[in-house]
1. Restricting the search to region 45-78, which residues are at pLDDT below 85, over 18 Å from W22 (Cβ atoms) and either charged (D, E, K, R) or open to solvent by 70 Å² or more (accessible area, probe 1.4 Å) (or both)?
2. Would you tally the residues in region 39-60 being more than 25 Å from the chain's Cα centre (by Cα) and either of a type outside the set (S, T, N, Q) or within 19 Å of L130 (Cα to Cα) (or both)?
3. Among the residues in region 372-385, are any touching a residue at least 12 places away in the same chain (Cβ under 8 Å) and within 30 Å of P177 (Cα to Cα)?
4. Which one of these is in contact (Cβ under 8 Å) with a residue 60 or more places away in the chain and open to solvent by less than 20 Å² (accessible area, probe 1.4 Å): A290, A327, A363?
5. Considering region 115-151 alone, what residues qualify as being open to solvent by 30 Å² or more (accessible area, probe 1.4 Å) and of a type in the set (G, A, S)?
6. Please return the ranges of helices (runs of 4 or more DSSP H) entirely within region 97-210 where 3 or more residues are of a type in the set (K, R), under 24 Å from D31 (Cβ atoms) and touching a Pro at 6+ places or on another chain (Cβ under 6 Å).
7. Can you name the condition, by its number, that E224 falls short on among (1) within 24 Å of H300 (Cβ to Cβ); (2) modelled with pLDDT of 95 or more; (3) surrounded by fewer than 23 Cβ atoms within 10 Å (Cβ to Cβ)?
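The values are calculated or read from the model by the stated rules, or taken from the named source; none is laboratory data. The model shown is predicted, which means the values in this text are computed figures rather than measured ones. Here Cβ is always computed from backbone atoms with ideal geometry, including for glycine, and neighbour counts include all displayed protein chains. Heads up: the accessible areas ignore ligands, DNA and RNA and are worked out on the full protein's heavy atoms, side chains in. Shrake-Rupley method; radii C 1.70, N 1.55, O 1.52, S 1.80 Å.
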Amino acid sequence: MVNLDGVFRREWGPAVAALARWSGDLSVAEDAVQEAFAEALRAWPRDGVPDNPGGWVLTVARNRARDRLRRETTRPGKELAAVIDEVYRRTEADVHPVRDDELRMMFTCAHPALDRLSQLALTLRLVSGLTVAEIARALLQTEAAVGQRITRAKTKVRHAKIPLRVPPAELLPERTPHVLSCIYSVFTEGYWSTAGPSAIRDELCDEGVRLASELCTLMPTELEAHALAALVLLHDSRRSTRVDADGALVPLEEQDRHRWDRGRIARGLERLKQARGSTGPYLPQAVIAALHATAPSWEHTDWRTICTAYDKLVTMTDSPVVRANRALAIGFRDGPDAGLAALEQVAHDPRLSRSNLVASVRADLFRRAGRRDDALIWYRTALESNGSDPGREYLRRRIVECGG
């Protein structure tokens, strides 16, 4: 049987975005692309994978969408065909600053009539093809809540007749924070995969890096776009060393720094220079990534400056995830006990109730403090809610190290 997972991850977003622009209907686009992949699952094992899988999927999806539009309209056939052809010609001839279909979709989903979480959930589903479960983990919400949010958002787009187009160029900046957030969420799910057999999903990492670069080209004076591009490039420079030959996770302190991608580090540092003066949350995160990328060794990491960047980030976002990671950095700067004290300040935040972050950080700090019995308890707690196979195996290794 042909494995469509890689093709799906690469082609889902471009196909849905292109078809939504063509048809003007989110549900039609999503359903048609799903039908095209179902057809691929039937046809490709028999006929072989086509030379251009994305083009094949888009052609089949467009035919399915055209059939559905014909069935659901009351217009006579010739009139409808003329309308469809006119939509197609207008879409193909459209000239707009946003040339990338996926960026178009992101800016479209950032319509102010939708609340922020609905914007993000809808974009991650339609553009990136993330499952409802993956989006729920990214947003720290239940799957049921995210599924309902996506359904309501699509219904609102349809009933309110929100146009599936990019706003005028002068209105792009007000929607940019949403687009930045979506791009980073795509990259993050690739770099720290929250479920499945692989710790890293290369196609999502590549997509995040590409979209960040496209946004910088589109908006060269947007400092936060450059900060985000710096952040993903600097993280991505370490991608190949984050797992070993068997796919097991390798902690940052144990990675072979000689194998880090120096070209990406250089480009990330250049983007960081271009982001100077940004007042948004991606700049301090990029500074943290740069300090890791340029440290000659784990022992020579500048934890003092990293903690300062986390302090600034906390004032910007008040994110419990940021506070938990800040506690770990404090533990490296001032010792495990100081880190545990900082972690306690955020440990009971209800927004982290569906995450194993607090348990993982607490276990790591206890282990570094030599308190193996306490570490063992929290590693086991973290294991209970970890959905990634490599992540679970990493926690099992730590449990064994602590005598479990």
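1. Correct list: T74, P76, K78.
2. Residues flagged as more than 25 Å from the chain's Cα centre (by Cα) and either of a type outside the set (S, T, N, Q) or within 19 Å of L130 (Cα to Cα) (or both) within region 39-60 amount to 15.
3. No.
4. After applying the criteria, what remains is A290.
5. Hits for region 115-151 are A138, A144, A145.
6. Working: elements: 101-109, 116-126, 132-139, 143-159, 172-191.
Per the criteria, no element qualifies.
7. Exception for E224: condition (1).
Matching residues to (1) part of a loop (DSSP other than H, G, I, E, B); (2) among the aliphatic types (A, V, I, L, M):
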{"position": "A309", "(1), (2)": "no, yes"}
{"position": "T315", "(1), (2)": "no, no"}
{"position": "V346", "(1), (2)": "yes, yes"}
{"position": "R351", "(1), (2)": "no, no"}
{"position": "S360", "(1), (2)": "no, no"}
{"position": "A363", "(1), (2)": "no, yes"}
{"position": "L376", "(1), (2)": "no, yes"}
